[in-house]
Amino acid sequence: MLPRNTIDTTVLPPAERFGMWLDLVARTSAPLRVESAHAADFAARADFTDLGAIQLVEYRYPSLDATRTNKLIRQSDPELYILAFTTSGIGTSSQDGRRSEILAGEFTFYDASRPHDVCHHANEPGRTRATSIITLIPHSALPLPPKRMAALYGGRMSGSEGLGALLAQFLIQVTGHPEQYHAADAGRLGTVGLDLATTLLGRNLVAEDAVPTEVRRRALVTQVQAYVHRHLGDATLGPQTIADTHHISLRTLHRLFETENTTVAAYIRDLRLARCRRDLTDPALRAQPVQVIAARWGFGDKAHFSRAFRAAYGMSPQACRDGDPVTARDVNDLASRVNSAQAD
């Protein structure tokens, strides 16, 4: 599981909760002056996930009005950019004279080394909580021209389309399911998150050329892989469809996967086979015919599926379902190696 630290004010009586939150804010690397209309009973939670290159913080609270002043900056300046994704509620973000209203499903961006104001309230005070996922990015880690970043301060960016949607999905997945990852995955996940954030910011600067080539490449690979995962069940999924969807040439797509030590077709096939094997060994799906499971994951031809499955796992789909103990152990070992190679 990814290492995680949690602060939950509900462990204290209502009258003491806001004081606990103020103490938390005072001890952060970029402290804020905080007020809330719910100070009498501030039921709030913060989950901190360290991913090496970046840190994620998932917040839940009824309402919050925060200001970072020049005095606070002089007291502590960790030189961080903050990319905030609102998952529920409504808020505003202000910095350097720019003010934006931020709705659920949108990002805002600001520099913790400069004064700013942030407000975030639940849509239905007393019944719901405002929630967000904050990405803390060190100045030194963001490979974009610092002088250009001011154009984004206090602005809003979509989290429902393109790179914004992919970054939003990444943040929700990682913060919502830390148990699905190993502690050793943190550094790699941090690199993925930083690449996606960098490319999103670069595009909103209308200066994607300012994003380093390798960062753009890795972000595009992540985007393509996410697309493949979402469309595995589509039998028509193939290199040309993927290239057309992402507005790149087929040659460019193949070159992307050369650096991943696989081919596009092999990546799709291996993922489909892994999904089929998972379903074949699921007791809850025991009654479903093998071919139904194969078709669910894009294998329309029974003979082709059987050959591919046997080549990958050394046994037929039916034998896998029947669960021969010795062979099944070999299959599990092989599947682990295949999955590890894909993760690399």
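The values are calculated or read from the model by the stated rules, or taken from the named source; none is laboratory data. Predicted model only: the values in this text are computed from it and were never measured. In this analysis, Cβ positions are derived from the backbone assuming ideal geometry, glycine residues included, and neighbour counts consider all displayed protein chains. Surface accessibility is based on the protein's heavy atoms, side chains included, excluding ligands, DNA and RNA. Shrake-Rupley method; radii C 1.70, N 1.55, O 1.52, S 1.80 Å.
Structure notes:
- Of the solvent-accessible surface of the chain, computed with a 1.4 Å probe and all protein chains present, 52% belongs to carbon and sulfur.
- Farthest toward positive dipole pole in the chain [+1 Lys/Arg, -1 Asp/Glu at C-beta], among ALA150, ILE248, GLY202: ILE248
- Helix 264-280 vs. the chain, principal-axis angle (Cα, 0 to 90°, nearest 10): 80
- Cα-based helix-to-principal-axis angle, 325-343 vs the chain, degrees rounded to 10: 50
- For the chain, taking Cα atoms only, Rg and Dmax work out to 23.4, 71 Å respectively.
- Here the chain is treated with +1 on each Lys and Arg Cβ and -1 on each Asp and Glu Cβ, and its dipole about the Cα centre works out to around 480 debye.
- Modelled spin labels at GLN75 and ARG127, positioned 7 Å past Cα toward Cβ, are 3.8 nm from each other.
- Rounded to the nearest 20 debye, the dipole magnitude of the range 67-112 is 200 debye, with +1 charges on Lys and Arg beta carbons, -1 on Asp and Glu beta carbons, and the Cα centre as origin.
- Helix 186-204 and the longest principal axis of the C-alpha atoms of the chain enclose an angle of approximately 70°.
- Ellipticity estimate at 222 nm from DSSP helix runs (n ≥ 4, -39,500 (n - 2.57)) divided over the chain, nearest 500: -13500 deg cm²/dmol
- By accessible area with a 1.4 Å probe, ligands and nucleic acids excluded, highest first: order of LEU12, LEU171, LEU72: LEU12, LEU72, LEU171
- Value in Å of the Kirkwood radius, where the range 150-259 supplies the Cα pairs that are averaged: 15.2
- Applying 1/(1 + (r/R0)^6) with r as the Cβ-Cβ distance of ARG286 and ASP234 and R0 = 35 angstrom yields a FRET efficiency of 0.85.
- Entry comment: accessible area of the chain is 49 Å² per residue, from protein heavy atoms only and a probe of 1.4 Å.
- Per-residue SASA entry for GLU35, accessible area with 1.4 Å probe, Å² rounded to 10: 120
- Whole-angstrom gap from the range 179-202 to the range 210-283, using each part's C-alpha centre: 18
- Peptides 95-108, 310-323 ordered by packing proxy, namely the average of other Cβ atoms within 10 Å per residue, highest first: 95-108, 310-323.
- Gyration tensor (alpha-carbon) shape descriptor, the range 116-201, a/c threshold 1.5: oblate
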